[in-house]
Structure formats: C-alpha cells, structure tokens
1. Name the pairs whose Cβ atoms lie under 8 Å apart, with the first residue in segment A:37-56 and facing chain B (nearest Cβ under 10 Å) and on the phi < 0 side of the Ramachandran plot, the second assigned to a loop (DSSP other than H, G, I, E, B) and crowded, with 18+ Cβ neighbours inside 10 Å, and 6 or more positions between them or separate chains?
2. I'd like to know if segment A:28-37 contains one or more residues that are at pLDDT below 95, loosely packed, with under 15 Cβ neighbours inside 10 Å and not in a helix (DSSP H, G or I).
3. From A:83, A:73, grab the single residue that is assigned to a loop (DSSP other than H, G, I, E, B) and in contact (Cβ under 8 Å) with a residue 12 or more places away in the chain.
4. Can you tell me how many residues in segment A:120-141 are assigned to a strand (DSSP E or B) and either within 13 Å of another protein chain (Cβ to nearest Cβ) or under 11 Å from residue A:90 (Cβ atoms) (or both)?
5. Considering (1) within 30 Å of residue A:125 (Cα to Cα); (2) assigned to a helix (DSSP H, G or I); (3) touching a helix residue (DSSP H, G or I) at 6+ places or on another chain (Cβ under 8 Å), say which one residue A:101 fails and leave the rest.
C-alpha cells in the first residue's frame with residue numbers, strides 16, 4: 001500500500017512535499033470568495049488550488065503514484081471543513097493543459113473515496129477555451145446551489 | 001448553423017472575468033516560483049490562505 005508523501009508547512013502561505021526522486025512540490029490556496037459575490041449562497045468558502053514544481057525534474061515524477069495520493073490527501077484535509085469549495089483552472093500557457101487535466105483526473109478518480117464531487121467546465125474567454133473544474137464535498141449543505149453557480153459561470157452570456 | 005456557431009464562440013462565458021483572473025494569478029505566481037521567488041514576496045498581491053484541517 002503506497003502512502004502519501006510527508007506534507008510540510010514551510011511558511012504561512014503554502015504546503016510542500018518532496019518525492020523520492022527529489023522533486024519538490026509546493027501547494028497553495030488562494031481565497032476567491034470576493035469574486036463570487038453574485039452567488040451569495042456559495043461565496044463564503046471558495047478557494048483555488050495550485051501545485052507547482054519548484055525544483056527537480058518534473059518528468060521523472062510523471063509515473064510516481066504517491067504524488068496523486070498526496071494531492072488527494074491534501075483534498076481530504078481541505079474538505080474536512082464541509083463548506084469548503086475549490087474552483088481551479090488548468091494552465092494553458094504551454095499547450096499541455098489537456099495532458100495535465102488527464103493526469104489530475106486519473107489521480108482523482110483513482111484515489112477519491114467518493115466524498116468529493118468533481119464537475120468539469122469549459123469557459124470561453126475571448127474565443128479561447130479555459131478548462132476549469134469544481135471540487136465540493138458531497139455533504140455540503142449548499143451542494144445543489146454550488147453546482148448550479150459553477151455551471152452558470154461556464155454558460156455563455158445570454159444562456160440559461 | 002455555421003454562423004450561429006461562430007457567434008457562440010465569440011461570446012464570453014458569464015464567469016470569464018473570474019476564470020481569466022484565476023489564470024493570470026496562477027501564471028504570475030508560477031513564474032515567480034520558477035525564478036526562485038517566495039510566496040511571501042507576493043503576500044500583498046494575492047490572498048493566500050491555509051485552509052487545511054490539521055486534525
């Protein structure tokens with residue numbers, strides 16, 4: 001049975017872990033509640049999540065299953081507070097966003113114990129598709145409102 | 001139909017501003033970290049939080 005990597009807290013802003021291949025990952029959350037004011041029922045606990053490689057060879061870690069287990073472990077701790085919600089976007093700067101999405105999705109479906117619900121979206125911004133997703137605890141008391149708001153944000157202006 | 005598709009592709013999503021901001025923030029922070037920068041140097045620009053339960 002594989003175990004997650006040890007999560008450390010190097011500062012007041014992030015979490016880190018180092019893989020057996022010496023790849024150093026940094027995880028951080030940003031509070032975006034203020035940007036969801038049009039959806040007052042759901043706007044209190046909305047965060048985005050990012051993970052960055054800060055040193056080491058990312059390619060060497062591509063097949064390391066413990067990274068996915070560690071990320072899902074982070075989510076489990078995050079969703080210990082039932083009201084918490086994650087909305088995230090996939091990086092499109094290097095055209096590898098579909099590969100990243102597939103990797104992330106494979107981790108999610110493999111290691112999620114069913115307590116976290118994921119909704120995928122594609123937003124259109126000035127003709128460009130931005131892949132995004134919602135993660136929410138299945139017992140969140142505002143589950144339906146949150147999913148509705150997320151889908152609404154991905155709808156085009158004028159759509160219902 | 002083709003004209004309708006073209007028009008639809010030029011319309012932004014309702015959350016375009018939010019998603020665009022998220023993407024810009026993510027890119028800016030990622031570039032900063034890749035240059036060896038620290039998140040603490042960006043603390044006045046972005047609202048970093050630590051929401052993980054330690055229990």
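1. Close Cβ pairs (under 8 Å, with a partner that is assigned to a loop (DSSP other than H, G, I, E, B) and crowded, with 18+ Cβ neighbours inside 10 Å) amount to A:45/A:84; A:46/A:32; A:47/A:32; A:47/A:84; A:48/A:32; A:53/A:23; A:55/A:23.
2. yes
3. Of the residues listed, the single one that is assigned to a loop (DSSP other than H, G, I, E, B) and in contact (Cβ under 8 Å) with a residue 12 or more places away in the chain is A:83.
4. Matching residues across segment A:120-141 total 15.
5. Condition not satisfied by residue A:101: (3).
The values are calculated or read from the model by the stated rules, or taken from the named source; none is laboratory data. Owing to the predicted nature of the structure, the values given are computational and were not obtained by experimental measurement. With ideal geometry, Cβ positions are generated from the backbone for all residues, glycine too; neighbour counts draw on all protein chains shown.
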